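Chemist: To start, I am sharing the structure in question, which I have written as structure tokens.
Where a number appears in this text, it was derived from the coordinates with a stated rule and is not lab data. Because the structure is a prediction, the values reported are computed rather than measured. Glycine also receives a Cβ, built like all others from the backbone with ideal geometry; neighbour counts cover every protein chain displayed.
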Amino acid sequence: MSLLKAPITYLILALLIAFIGFSIYKTKYSMDVIDGYEINSASLSKKVLIASQGSTFKNELVSKIIKVLNSDSTYIKVIDVTSLSTEDVNEWNAVIVIHTWEYGEAQFDAYQFAKTSVFDDRINVVTTSGNGEEQMLGIDAISSASITDEIPGIAIEVRSKIRLLPQ
């Protein structure tokens with residue numbers, strides 16, 4: 001009986017360490033849920049939806065994208081990426097989805113939305129990941145490693161991909 005006691009103790013200890021490590025990782029790297037907001041009147045003819053997860057990098061990127069869109073003549077709605085399923089892509093001139101690559105895959109809501117809209121030029125995806133190279137297969141996306149110095153360039157690249165708005 002005592003021969004089994006040591007392996008079981010080590011197994012329990014290993015599971016406890018793994019659980020603590022996972023909890024620390026999730027706390028440090030998981031994304032926040034953002035509060036939605038709108039800029040300008042919904043009656044404007046140009047409409048852009050920005051769906052994002054919350055993090056310092058993503059929040060700054062959303063702000064910069066709004067600035068480069070010349071927001072005075074564009075209705076912009078910002079929502080959390082988890083609310084994408086409630087939006088009709090046909091109501092928007094452009095949709096920008098900003099999500100992180102978590103646990104080896106795209107954020108679920110971003111992936112579901114992108115795969116149902118894969119051939120729609122209005123959809124623009126920005127994927128952030130540790131190495132800056134991950135992205136959904138078959139989706140034309142911008143990849144980034146969440147480096148703050150790259151935000152202006154990413155915002156300009158997003159702007160250039162929006163074909164339905166005047167440059």
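Chemist: Using DSSP, restrict attention to beta bridges with both residues in the range 37-161 and report what percent are antiparallel, rounded to the nearest 5. Spell out each step's value before the answer.
Modeler: Working: 5 of 27 bridges.
Bridges in the range 37-161 are about 20 percent antiparallel.
Chemist: Right, another one. Please find, in a Gaussian network model of the chain (springs between Cα atoms separated by less than 10 Å), the residue of 124, 90, 59 whose mean-square fluctuation is greatest.
Modeler: Among 124, 90, 59, the largest GNM mean-square fluctuation belongs to 90.
Chemist: What is the helix-to-structure angle for 2-29, meaning the angle in degrees between its Cα long axis and the longest Cα principal axis of the chain, kept from 0 to 90 and rounded to the nearest 10?
Modeler: Relative to the chain, helix 2-29 is tipped by roughly 20 degrees.
Chemist: Still on this model: Considering only 110, 96, 144, whose Cα is most displaced toward the positive end of the charge dipole of the chain, charges sitting on Cβ of Lys, Arg (+1) and Asp, Glu (-1)?
Modeler: Selected residue: 144.
Chemist: Here's a follow-up. Rounded to the nearest 500 deg cm²/dmol, what is the calculated helix-only ellipticity per residue at 222 nm for the chain, with -39500 (n - 2.57) per DSSP H run of length n ≥ 4?
Modeler: Working: 4 runs with 61 residues, N = 167.
That comes out to -12000 deg cm²/dmol.
Chemist: A further question on this structure: Taking only C-alpha pairs under 8 Å that are 6+ residues apart, what is the relative contact order of the chain in percent?
Modeler: Values: 257 pairs, mean separation 33.8, N = 167.
Reported as a whole number, the value is 20 percent.
Chemist: Among 82, 20, 49, flag the residue with its Cα farthest along the positive direction of the charge dipole of the chain, charges on Cβ as +1 for Lys/Arg and -1 for Asp/Glu.
Modeler: So the residue we want is 20.
Chemist: Would you mind telling me which residue in 140, 149, 32 has the biggest mean-square fluctuation in a Gaussian network model of the chain, where springs connect alpha carbons within a distance under 10 angstrom?
Modeler: 149
Chemist: Under a GNM of the chain (C-alpha, springs under 10 Å), which listed residue has the highest mean-square fluctuation: 50, 147, 96?
Modeler: Answer for the Gaussian network model of the chain: 147.
Chemist: Can you classify the range 37-161 as rounded, prolate or oblate using the Cα gyration tensor, where a ≥ b ≥ c are the square roots of its eigenvalues, rounded means a/c under 1.5, and otherwise it's prolate if a/b beats b/c and oblate if not? List each step's numbers first, then the result.
Modeler: Details: a/c = 1.74, a/b = 1.26, b/c = 1.38.
Note, shape of the range 37-161 comes out oblate.
Chemist: Continuing with the same structure: Length gain on complete extension for the stretch residue 9 to residue 91, per 0.36 nm per residue less the alpha carbon to alpha carbon distance? Present the calculation step by step, with values, prior to reporting the outcome.
Modeler: Working: separation 82, 0.36 × 82 = 29.52 nm, distance 5.82 nm.
Stretched fully, the residue 9-residue 91 segment lengthens by 23.7 nm.
Chemist: Moving to a separate point now. Expressed in nm to one decimal, what extension gain is obtained for the pair residue 16 and residue 70 from 0.36 nm per residue of sequence separation less their Cα-Cα distance?
Modeler: Details: separation 54, 0.36 × 54 = 19.44 nm, distance 5.15 nm.
Length gained, residue 16 through residue 70: 14.3 nm.
Chemist: Let me spell out the model: positive unit charges on the Cβ of Lys and Arg, negative unit charges on the Cβ of Asp and Glu, origin at the Cα centre of the range 37-161. What dipole size does that give, in debye rounded to 20? Each step should come with its number before you reach the end.
Modeler: Numbers: 10 positive and 18 negative charges, 82 e Å.
It comes to approximately 400 debye.
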